[in-house]
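The values are calculated or read from the model by the stated rules, or taken from the named source; none is laboratory data. In this text, all values refer to a predicted model and were calculated from it rather than measured experimentally. Neighbour counts run over all protein chains shown; Cβ positions are idealised from the backbone, glycine included.
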Amino acid sequence: MNVILLISDTVRSDYLGCYGSPWVQTPNLDALARESAVMTRFYTGSFPTGPMRKDTHSGRWTFPYANWQAPRPTEEVLLAETIARRGYRTAYIGDTNNSQQYLFGFDHKEIVTRQSSRFEETPEKVKLPADARKLRYPENYITRIVRNAMGWAGEEDRSAPRTMRAAHRWLEEHRADKKPFFLWIDTFDPHEPWDEPRYYIDLYDPGYKGDELIEPAYEPSAYASKREIEHMRCMYAGKLTMVDRWIGWLLDGIENMGLKDNTALIMTSDHGFYHGEHGLIGKMQLRREGGVCKRWPLYATIAHPPLLLRIPGLKKGKRFDTFCQPADLMPTILDLARVPIPRRVQGESLLPVLRGEKKRLRDFAVSGTNYVQDEEVRSPTCYRTKDWLYVYGGDEWRSELYDLKNDPDEKRNVLKQRLSVARDLHQRYLEFLESVDCPPKSLALRREFNPQPRPDTLERKLL
């Protein structure tokens, strides 16, 4: 069986119709969901973009030991290398090369250029879309983003369309090969900047005249007005609709080439984005000049991306509530290809659940940022069960506990009222770290229950 893994960056599941969104237009992903197994409790493991790919390449929770830029550990076993040794043709096509130190085992590797803008046809000085203090980068970077968008000839110049077209070309060339293939498609859209053609934004917020936070500052949300945040959500929705269109175009191509009936397709994302929820905008707090001030908890808003698995021969449109995470994608893909799963892999194949042979993989999910920093910081980590969300706050956030039965939006911290529950979940969190080979130093630093956050002297305040 052929296998296609399609990752679209920064897709919030709650913006998809198949996950309950009543207002965002995602007809192609919704149609895919009707033909797929829909995982309702898929949560990010290692966060954000690069670490999630490492989990997917290796079948492991890498956040306890793999720094963002560190080379691939010599003992790491990778998905593409493993499946290639069993006779699969392998290809990576994407407009992002995050975790490139894990991009091994691909017969074909194509990084789709994102710099197609005709700079020579755009003015040097352009009007910024918002007060520069509300934007993520220094003014010269935002100016480049604006000029880039002005210089594009049309929608097809954007990253997602270019990536889907490149993947389509590769499939055209190899659709008749005797060897089965594994194709990894990776697009950075709908990640910010939200610079899609205006007609996509006008689907949701026509006639808007205020500041447009196309690349918003990663900070607590007080700097943005309620109306600016509403428009930010519409810009994001517009880019997601654009991505949906081009995913649909690729899916049509797969069917037209006669590949649908012998090709498993897995569509997912790495994480979401805070659009003002929990009083936050972005993914973590950043300094104006770059660099992290503090890491935030991974509430469901940002930690619950979609996972759709269209697998020939399986029942269509069924929803599954087992907890699963990116580390489970590698063993699932190997299982589809009938390739033995290496012992080093920590995740589990989803196929026994999808076939009805097993009820669930596990009853929890753990999401965290890298533990191994230049100077190790106890960053927030989330341990989630069906009934509870426990936030181990560490040095950068307070520890929290949410009763998901009575507070599904995760707004009321009940840690003080339910200390015994929090202590039990903290112990289960430590047991998980032990099970995934967390380095002893990192594990020891996190044994303390409910540590006090360090004094925060790094937050940038708008003038």
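Key figures for this structure:
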quantity	calculated
The stretch 227-238 residues that are under 16 Å from PRO206 (Cβ atoms), paired with ones that are in a helix (DSSP H, G or I) (beta carbon under 7 Å, 6 or more apart)	CYS234/ILE201; MET235/ILE201; ALA237/TYR15; GLY238/TYR200; GLY238/ILE201
ARG343 being surrounded by fewer than 21 Cβ atoms within 10 Å (Cβ to Cβ), in a loop (DSSP other than H, G, I, E, B), touching a residue at least 24 places away in the same chain (Cβ under 8 Å) and not polar (S, T, N, Q)	no
Which listed residue is in contact (Cβ under 8 Å) with a residue 60 or more places away in the chain and in contact with a Leu (Cβ under 7 Å, 6 or more places away or on another chain), from MET1, MET52	MET1
First in the stretch 139-166 and farther than 21 Å from THR241 by Cβ, second anywhere and among the aromatic types (Phe, Trp, Tyr) and modelled with pLDDT under 90, Cβ under 6 Å, 6 or more apart	GLY151/PHE119
Members of the stretch 314-334 that are surrounded by fewer than 18 Cβ atoms within 10 Å (Cβ to Cβ) and in contact with an Asp or Glu (Cβ under 9 Å, 6 or more places away or on another chain)	LYS316, GLY317
Every residue from the stretch 126-143 that is part of a helix (DSSP H, G or I) and within 25 Å of the chain's Cα centre (by Cα)	LYS134, TYR141, ILE142
Filtered residues of the stretch 167-176 (kept if in contact (Cβ under 8 Å) with a residue 24 or more places away in the chain and either buried (at least 21 other Cβ atoms within 10 Å of the Cβ) or not in a helix (DSSP H, G or I) (or both))	ALA167, LEU171, ARG175
The stretch 177-205, subset assigned to a strand (DSSP E or B) and of a type in the set (A, V, I, L, M), residue nearest to GLY105 (Cα to Cα)	LEU183
Subset of the stretch 260-290 that is among the hydrophobic types (A, V, I, L, M, F, W, C) and part of a strand (DSSP E or B) - its residue that is surrounded by the most Cβ atoms within 10 Å (Cβ to Cβ)	ILE281
